1. Given (1) open to solvent by less than 20 Å² (accessible area, probe 1.4 Å); (2) out of contact with any Gly (no Cβ under 7 Å at 6 or more places or on another chain), where does Ala52 come up short, assuming only one miss?
2. From the residues in the range 14-24 that are open to solvent by 80 Å² or more (accessible area, probe 1.4 Å) and either part of a loop (DSSP other than H, G, I, E, B) or out of contact with any strand residue (DSSP E or B) (no Cβ under 9 Å at 6 or more places or on another chain) (or both), which one is farthest from Glu127 (Cα to Cα)?
3. Which of the residues spanning the range 134-150 are open to solvent by 30 Å² or more (accessible area, probe 1.4 Å) and within 16 Å of Glu99 (Cβ to Cβ)?
4. Could you check, for the range 25-38, whether at least one of its residues is at negative phi, free of Cβ contacts under 8 Å to residues at least 12 places away in the same chain, in a helix (DSSP H, G or I) and open to solvent by 40 Å² or more (accessible area, probe 1.4 Å)?
Amino acid sequence: RFDTQEVTLNGESFFARAIYWEQDTPFTLSPDFLAIQWMRQNVEGSPVVMEAHTEQYHWGARFSIYTGLPTIIGWPNHQKQQRGGFPLVVSQRARDVTEFYSTISSDQAMELLQKYDVSYVVVGDLERIYYHTAGLDKFQDMVARDSLAVAYDNGSTTVYKVEYTEISRAWAGPQR
């Protein structure tokens, strides 16, 4: 699937030249990798990251995989296997990620961020392939309302920092 002309022990070297196909759409992985490197260098602790949900063996959960930070849901079959008694919870998390990126409502999106105590939101090529533009457009409104701040942007992948202020907490209602 990736260029293997350069043989190396560096398991991340493929990022520099890799072109990935998702839903018949090609995109390069290097912008995501730059954002991943930024997170590794600048994010402290174990904050939750919101990122696209895909089927296993696709590019989903990439920030969680390459930073070690928690995300809402990893690969679905792995999650169901490892949490055998909770398949409905795993399925609900997948639906919540889809709802978060797809909804045009900033209020609804903020409620989901609070539900999972999310600190960072990723919007890269993968999110643009999986979710409609109308749903992704709400992030500009959320920045204007001081609920999100652009923490990192390389022109292709943007990482937003969730700004939990008293206003945003009141805006989204009580935490669950």
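The values are calculated or read from the model by the stated rules, or taken from the named source; none is laboratory data. What you are looking at is a predicted structure, and each value in this text was computed from that prediction instead of being measured. Here the Cβ is made from the backbone with ideal geometry for all residues, glycine too, and neighbour counts use every protein chain on show. Quick note on the areas: whole protein, heavy atoms, side chains included, nothing else; ligands and nucleic acids left out. Shrake-Rupley method; radii C 1.70, N 1.55, O 1.52, S 1.80 Å.
1. (2)
2. Initial filter on the range 14-24 (open to solvent by 80 Å² or more (accessible area, probe 1.4 Å)): 17, 19, 21, 23-24.
With either part of a loop (DSSP other than H, G, I, E, B) or out of contact with any strand residue (DSSP E or B) (no Cβ under 9 Å at 6 or more places or on another chain) (or both) added as a condition, the list becomes 17, 23-24.
On the way: Arg17: 20, Gln23: 12, Asp24: 14 Å.
Once the filter is applied, the top-ranked residue is Arg17.
3. Within the range 134-150, Ala134, Asp137 qualify.
4. For the range 25-38, residues at negative phi, free of Cβ contacts under 8 Å to residues at least 12 places away in the same chain, in a helix (DSSP H, G or I) and open to solvent by 40 Å² or more (accessible area, probe 1.4 Å): present.
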